[in-house]
Amino acid sequence: MSPVGLCFLFFFSVLVCHWEPVCCYANGKVTKACGSMKPHHGGASGQTTLSPYQLQTNTSTFSPGDQIRVILSGTSYFEGFLLQARDAAQPESASAIGSFTLTNPDRTQLLTCNNHQGSAVSQTSDARQTEVVVIWTAPQDSPNEVQFFVTVVAHYKVFWLKVPGPIIYQHGVTPHPHQTTSTHPTIQPTTPSILPGPFTSEGCGQSKSCLLDPPGCDPEKDPHCFYMSMSTEGTDKTSVMFELSGPAEGYVSFALSWDTWMGNDDVYLCIKDEDRVSVSAAFVSGRTYPEDHSQSGLSSVSWRLADGSIQCRFSRPVKLTNQGRFDLDQGYFLFLASGHTQYGEIRKHSRQPLISRDRKLITGPPQVLRGSRSPTIMKMHGALMLLAWMLTGSVGTFIASFYKPDWPNQTLFGQKVWFQVHRGLMMLTVILTVVAFCLPFIYRKGWSTDAGVHPHLGCCVLVLSLIQPIAAMHRPPPDSNRRFIFNWTHSSIGIFTEILAVATMLLGVGQTSLPLPSPWATSVLIGYVVWVASLKVVSVKVNCGLLIALLSSIADI
């Protein structure tokens with residue numbers, strides 16, 4: 001076989017070896033996972049939070065041959081599962097025992113684990129469901145104690161591994177406490193209720209603290225109003241009630257942060273999952289997705305999904321011990337973010353988070369908070385770039401184009417006035433560009449992968465801006481026969497750099513980290529482009545006129 005054929009065969013073999021865990025597990029054929037009950041989903045290790053899914057049986061005692069009803073349910077949808085019964089005395093080393101009977105063959109199927117037909121149950125597809133009911137038949141050689149286990153897949157890499165279920169005992173066997181075999185115990189979540197009506201901004205600053213975007217909006221009347229409120233409960237102020245509202249595009253969340261930088265924050269999310277809303281607390285360790293979702297510590301949970309908005313309300317104690325949550329008797333910056341979801345999983349927020357201008361004592365007196373979606377450092381980036389290319393850069397090129405013949409003999413510090421002004425303004429333009437260029441990297445702590453072509457064009461502008469003064473330092477003397485090459489090259493690069501800078505600024509208007517007022521921000525830039533273009537046209541006409549006059553003079557001679 002040729003080397004090309006061998007390479008193709010090797011590639012195909014690797015593809016086949018890695019294809020099965022991804023494509024076949026969606027249809028529930030997971031017999032390879034019978035022992036560990038762990039899905040092979042891209043190396044994911046499973047969730048470390050309390051499981052929102054639980055197992056129930058219709059009895060706690062049995063005899064060999066009895067049929068036990070087993071129910072898998074949860075507070076959110078799941079796409080896959082693997083259910084087994086094992087000897088409760090040795091669940092880690094024991095194999096699946098007994099056999100199952102299906103009640104819904106269209107959604108569930110039997111598997112053969114350890115050559116024991118029907119000893120496990122899984123899904124038939126990745127169709128989403130919230131409940132599974134099966135019948136388990138106890139074998140004749142059944143152990144005295146049997147425990148059910150289930151691995152539940154919410155969506156691909158989001159799964160809970162080997163969640164322990166109830167233990168059932170043979171008649172006459174005395175139950176005794178068992179040490180849990182899983183580090184992910186099930187949670188008995190607070191049953192959420194439906195809010196009777198929409199939230200209102202009435203009472204903000206009087207009975208509750210509020211953060212609103214846009215300022216003064218009312219979530220009762222405007223579904224696009226981002227609203228967060230907090231108020232202490234009880235005379236002893238031992239708990240705080242939070243309310244959250246925003247457009248029903250996917251999720252809305254807020255975070256408590258020690259600073260205005262994302263990372264190491266206490267996060268609370270209201271997530272749209274088809275026709276319901278899940279409320280959870282999480283933690284953000286950096287510029288990553290929230291981790292360790294849990295409902296632990298949250299109470300009085302309620303939500304509403306109507307009129308184009310998603311709203312939720314919950315309470316939590318001021319202090320939560322051993323749960324990693326922030327104490328609420330401290331002052332924090334508040335982050336308010338929203339974005340889209342897919343299969344109940346959140347995606348990156350679609351807009352820059354709204355960040356409160358000052359720290360807020362959560363249990364402090366009611367007040368109306370102010371916030372901004374534009375970090376100060378990014379505002380400085382935009383302002384310096386606009387100053388560099390709309391003022392100093394354009395004026396510098398204007399001076400060189402029109403005032404060279406008007407100031408032919410005037411000097412300043414040994415050089416012609418027009419040249420000194422031109423050089424000073426262009427060097428200032430370069431300095432402003434370099435400083436402004438560095439600011440986004442300081443803010444992002446690296447390269448931004450979500451800014452599109454804007455940073456790439458910015459790099460081109462910076463390089464061209466640095467080339468200009470370097471080339472000017474090596475320009476030939478005025479009387480050199482090669483001087484015209486420098487003049488045309490220097491002028492052409494300058495014009496191209498200015499055009500590229502304007503295009504970069506136009507793309508920068510749409511960046512989420514610098515949401516400028518629309519539409520006047522774009523109109524200002526368009527007006528600036530028209531003004532610069534007009535100057536260039538006039539400059540070309542003047543230069544052409546001078547060239548024609550020069551040629552006429554030569555012809556007369």
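Since every read-out is calculated from the coordinates, none of them should be taken as a lab result. Everything numeric here is computed off the predicted structure, so don't read it as measured data. Using ideal geometry, Cβ is built from the backbone for each residue, glycine included, and neighbour counts are taken over all protein chains shown.
Sequence-ordered 3J(HN,Hα) estimates for segment 420-431 from the Karplus curve with 6.51, -1.76 and 1.60 and θ = phi - 60° stand at 5, 5, 4, 5, x, 5, 6, 5, 5, 4, 5, 4 Hz, glycine and proline given as x.
According to the calculation over all Cα-Cα pairs in segment 311-412, the P(r) per 5 Å bin from zero is 2, 8, 10, 12, 13, 12, 9, 6, 5, 5, 5, 5, 3, 3, 2, 1 %. Which pairs break 26 Å Cα to Cα here: Lys38/Lys348; Lys157/Lys379; Lys29/Lys162; Lys237/Lys272? Long pairs (Cα-Cα over 26 Å): Lys38/Lys348; Lys157/Lys379; Lys237/Lys272. Distance between the C-alpha centers of segment 459-509 and segment 305-326? Whole Å please. The distance from the Cα centre of segment 459-509 to that of segment 305-326 comes to 56 Å. Between Ala383 and Asp126, residue separation times 0.36 nm minus the direct Cα-Cα distance comes to 87.5 nm. Close amide H partners of Asp273, meaning residues 5 or more places away or on another chain with modelled amide H under 5 Å apart, are Ser278. Any aspartates and glutamates with Cα under 13 Å of the Lys208 Cα? List them, leaving off those in the same chain fewer than 8 positions away. Within the straight-line cut-off, Lys208 pairs with Glu233, Glu243. Applying the Karplus relation 6.51 cos²θ - 1.76 cosθ + 1.60 with θ = phi - 60° to segment 351-361 yields 3J(HN,Hα) values of 10, 4, x, 7, 10, 5, 6, 10, 5, 10, 6 Hz, where x marks Gly and Pro.
Taking 25 Å as the straight-line reach from the Cα of Lys416, the lysines in range (excluding those fewer than 8 positions away in the same chain) are Lys404, Lys536, Lys541. Under 15 Å Cα to Cα from Lys360, which aspartates and glutamates show up? Leave out anything in the same chain fewer than 8 places away. The qualifying aspartates and glutamates are Asp259, Asp265, Asp266, Asp327, Asp329. Taken over segment 202-287, the ratio of Cα radius of gyration to 2.2 N^0.38 Å equals 1.18. Take the Kirkwood radius over Cα pairs of segment 193-372, plug it into Stokes-Einstein at 4 °C and 1.567 mPa s, and you get 81 µm²/s for translational diffusion. Most tightly packed first, judged by the mean number of other beta-carbon atoms within 10 Å of their residues, the peptides 226-234, 488-496, 136-144, 472-480 read 226-234, 136-144, 488-496, 472-480.
For Gln367, the amide hydrogen comes within under 5 Å of the amide hydrogens of Gly205, Ser209, Cys210, counting only partners 5 or more places away or on other chains and with H modelled in the peptide plane.
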